[in-house]
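For reference, the structure discussed in these notes is given below.
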Amino acid sequence: MTKQLLSFKDAQKYLGFKSPVSLREYINQGLPIVKVGKSKRIDIDDLKSFIQAHKITKEVKQ
């Protein structure tokens with residue numbers, strides 16, 4: 001079973017970031033966070049949606 005709410009460290013690993021700074025940049029760009037008690041988490045569905053919304057495709061020239 002996959003966790004629905006990821007810690008910042010788990011989200012960072014999921015994205016393959018070595019530094020937490022990159023994840024914080026995503027949060028500053030609008031990636032939602034969930035406050036659970038005193039901790040903050042990232043919903044994996046929000047993370048996947050954020051990634052999907054920020055995909056860049058480049059046309060291949062022939």
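The values are calculated or read from the model by the stated rules, or taken from the named source; none is laboratory data. Everything numeric here is computed off the predicted structure, so don't read it as measured data. Accessible surface areas use protein heavy atoms only, side chains included; no ligands, DNA or RNA. Shrake-Rupley method; radii C 1.70, N 1.55, O 1.52, S 1.80 Å.
Amide H contacts for residue 6 (H built 1.01 Å from N in the peptide plane; partners 5 or more residues away or on another chain; cut-off under 5 Å): 42, 43, 44.
3J(HN,Hα) along segment 32-49, derived from phi through the Karplus expression 6.51 cos²θ - 1.76 cosθ + 1.60 where θ = phi - 60°, amounts to x, 10, 10, 8, 10, x, 9, 9, 10, 10, 10, 6, 4, 5, 5, 5, 5, 5 Hz, with x in place of Gly and Pro. Among the listed pairs 13/61; 18/40; 9/58; 9/55; 3/58, those with a Cα-Cα distance over 25 Å are 13/61; 9/58; 3/58. Computed over the chain, the convex hull of the alpha-carbon atoms projects to a mean area of 5.9 nm².
The residues of the chain have, on average, 85 Å² of accessible surface per residue, using a 1.4 Å probe with all protein chains present. Counting only protein heavy atoms and a probe of 1.4 Å, the accessible surface of the chain is 51% carbon and sulfur. How far is the Cα center of segment 1-31 from the Cα center of segment 33-62, in Å? Between the Cα centres of segment 1-31 and segment 33-62 lies a distance of 9 Å.
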